[in-house]
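Read through the structure below, which is laid out as C-alpha cells, and then see the notes.
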There are 2 protein chains.
Amino acid sequence: MNEAVVLTPERILEATEDVLRRFGLAKATVVDVARALDVSHGSVYRHFPSKASLRDAVAKRWLDRANEPLCKIAQASGPAPERLEKWLRSMFAIKQKKVCDDPEMFATYLALAQGAREVVKAYKDKQVDLIAKILADGVGQGTFQIDDVKASARAVFDATCRYHHPAHAEEWSESECPVRIDALIGLLLKGLGAPRKH
Amino acid sequence: MNEAVVLTPERILEATEDVLRRFGLAKATVVDVARALDVSHGSVYRHFPSKASLRDAVAKRWLDRANEPLCKIAQASGPAPERLEKWLRSMFAIKQKKVCDDPEMFATYLALAQGAREVVKAYKDKQVDLIAKILADGVGQGTFQIDDVKASARAVFDATCRYHHPAHAEEWSESECPVRIDALIGLLLKGLGAPRKH
DNA sequence: TGAATAACAGATATTGAAATCTGTCAGCGC
DNA sequence: GCGCTGACAGATTTCAATATCTGTTATTCA
C-alpha cells in the first residue's frame with residue numbers, strides 16, 4: 001500500500017495527469033485519482049481544496065511546460081526581427097505538434113483550460129511580455145520602430161491568434177497554412193518597421 | 001389551412017428562422033417547421049432534401065445578409081487605407097452587434113454555422129476577396145505597397161480573426177478591446193505600406 | 001497529534017425503456 | 001397529374017430511476 005511514500009501535491013498532479021490521459025476530462029474523477037494513488041479520495045482533498053483547484057493546477061503545469069522554450073528564445077540575444085520570427089514560428093510549432101501527436105490529449109487539455117480562465121490569462125499575459133521583450137530589444141537595436149511596445153506586443157499576439165489559439169486548431173493542418181503564416185509574419189514584421197531582407 | 005398560399009422554399013426558410021429563434025438549434029425540428037407552416041413535415045422534404053440542407057440554406061441567408069454592408073464599403077471609392085480601416089471596423093461592429101443584441105440567437109447561428117462548413121468557407125473567401133479589392137485599389141492609388149495582393153488580403157483577414165471569428169466572441173466585450181483593435185489596425189496599415197497620418 | 005479514513009448528504013452522471021424525430025413512399029384529393 | 005398527406009422503420013432524444021461522484025466530518029491509528 002505504498003506505505004513508505006508520502007502523499008504530496010506533486011504526486012497527486014502526476015496521478016491526475018495519468019488519469020486524464022487514460023479516461024479523458026469528462027470521465028476522470030477524484031475517486032479515480034485517489035484509486036491510482038491507492039489512497040481514499042478524502043486524502044486528495046487534504047492537498048487540493050476542490051476538484052476545480054486540482055484541474056487548475058494541472059492546467060498550470062501543462063502551460064508552464066509548453067512555455068519554457070519560448071522563454072529561452074525571448075531571453076536570447078541576436079537581431080530582434082529574426083528572434084521574433086523564430087519565437088512566433090516556435091509557438092505555432094509547439095501547439096501544432098501537440099495537436100498532431102495526441103489530438104485526444106490536446107482536446108482534454110483544451111477543455112481543461114476552458115475551466116481555468118485565471119491560469120490561462122496569466123499564461124497569455126506572460127507570452128505578451130515575452131513578445132514585448134523582443135520588441136523592446138528591436139527598438140534598442142534600431143530594427144523596430146514602435147511607439148508603444150506593450151500595445152504592439154499585444155497586437156502581434158492578437159494578429160497571430162489564428163495560428164496559436166486552440167479554437168483554430170482544426171485549421172492548422174490545412175495545406176495553405178505555411179504560406180499564409182509566411183504572409184502574416186511578413187506583414188507584421190513590415191508593420192513593426194523592420195525592412196525585410198530579400 | 002392557408003389554402004391560398006403556396007409552399008415555397010422562401011416561406012420554409014422564413015418559418016425555419018422563426019422556429020430557430022423560438023426553440024434554438026438543439027430543439028428545432030423539421031416537424032416544428034412544418035407545424036409553423038401548417039403542413040405535414042413530408043412537404044418540407046419536397047423542397048429540401050434533408051434537415052442539413054435546410055440548415056445550410058438558413059446559414060447562407062444569414063451570412064449573406066451580414067455581408068451586404070461590407071460589399072458596399074469594398075465597392076465604394078476613396079483612399080484605400082481609410083476604406084480598409086472602415087471595412088474592418090464595420091466587420092467587427094456587425095459581429096459585435098449581433099452578439100450584444102441577441103446572444104442566444106448568435107449562439108444558435110454559431111452552432112448552425114459549424115455544421116455548414118462549405119457555406120462558411122464561401123463566405124470567408126468572399127470577405128477575403130473584398131479585402132483584396134480594397135488592397136488592389138490602394139496599390140493603384142500608391143497608398144499601399146504590396147507584392148501579393150491576394151496573400152496580403154488573406155493575411156489581413158487572418159490577423160484580425162480575434163475580432164471577427166465567433167470563437168472569440170466572449171472576449172469582444174472586454175474593456176481593453178477598442179484600444180487593442182486600434183493597435184492592431186495601426187500595425188496592419190503600417191505593414192501594408194500606408195504611412196499613418198498619426 | 002496529525003495524516004488518513006470511512007461514512008454521509010446533496011449534486012451529478014448513467015442507463016434503458018418510452019417517446020419523438022428523420023426521411024421515405026404509397027395513395028388521396030384537387 | 002401534382003402537390004400534399006399520413007403511416008412507417010430506423011435513428012435519435014427524453015426522462016426518471018439508479019448509481020456514482022464531490023466535498024465534509026467524526027473517527028481511527030501510528
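Within 10 Å of each Cβ in peptide B:175-187, how many partner chain Cβ atoms are there on average? Round it to a whole number, please.
On the way: counts 0, 2, 1, 0, 3, 5, 2, 2, 11, 9, 1, 6, 14.
So the per-residue partner count for this stretch is 4.
Ranked by Cβ crowding within 10 angstrom, fewest neighbours first, how are A:60, A:121 ordered? It would help to have the intermediate numbers written out before the result.
Details: A:60 17, A:121 10.
With the sparsest Cβ surroundings first, the list reads A:121, A:60.
Could you give me the ³J(HN,Hα) list for region A:176-186, computed from phi with Karplus coefficients 6.51, -1.76, 1.60 and θ = phi - 60°, whole Hz, x at Gly and Pro?
Values, residue by residue: 7, 3, x, 4, 6, 4, 4, 4, 5, 4, x Hz.
When the convex hull of the C-alpha atoms of region B:1-115 is computed, what volume per residue in Å³ does it have?
Working: hull volume 14.1 nm³, N = 115.
It is 122 Å³ per residue.
How large is the Rg to Rh ratio of chain A when both quantities use alpha carbon positions and Rh follows Kirkwood? All intermediate terms of the calculation are to be shown ahead of the outcome.
Numbers: Rg = 20.1 Å, Rh = 18.7 Å.
Rg/Rh: 1.07.
Just to confirm the numbers: residue A:27, label point 7 angstrom along the Cα-Cβ line, distances to the other copies in nm, shortest first?
3.2
Show me B:79-85, A:105-111, A:74-80 ranked by packing, highest mean number of other Cβ atoms within 10 Å first. Please list the in-between numbers first.
Numbers: B:79-85: 20.1, A:105-111: 17.3, A:74-80: 14.4.
The packing order, highest mean first, is B:79-85, A:105-111, A:74-80.
Mean residue ellipticity at 222 nm from the helices of chain A, using -39,500 (n - 2.57) per DSSP H segment of n ≥ 4 over the full residue count, to the nearest 500 deg cm²/dmol? All intermediate terms of the calculation are to be shown ahead of the outcome.
On the way: 9 runs with 140 residues, N = 198.
My calculation for chain A gives -23500 deg cm²/dmol from helical runs alone.
Which FRET efficiency value, to the nearest 0.05, is calculated for residue A:86 and residue A:6 with the Förster distance at 56 angstrom and r the Cβ-Cβ distance?
0.85
Taking the Kirkwood radius as the inverse of the mean 1/r across Cα pairs, report the Rg/Rh of the protein assembly as shown.
Values: Rg = 25.0 Å, Rh = 24.0 Å.
With Rg and the Kirkwood Rh in hand, the quotient comes to 1.04.
Could you grab the relative contact order for region B:109-182? Cα pairs under 8 Å, six or more apart, rounded to a whole percent.
On the way: 29 pairs, mean separation 16.9, N = 74.
After rounding, I find 23 percent.
Take region B:130-198, compute every pairwise Cα distance, and split them into 10 Å bins from 0; I just need the percent in each bin.
Pairs per bin, as whole percents: 20, 46, 27, 7.
Using 10 Å bins from zero, what percent of all Cα-Cα pairs in region B:23-86 falls into each bin?
Spelled out per bin, shortest first, that is 18, 33, 19, 15, 13, 2.
Only the coordinates and a few stated rules stand behind these numbers; no lab work does. Just so it is clear, the structure is predicted and the values come from calculations on it, not from any experiment. Please note: Cβ atoms are built from the backbone with ideal geometry, for glycine as well, and neighbour counts cover all protein chains shown.
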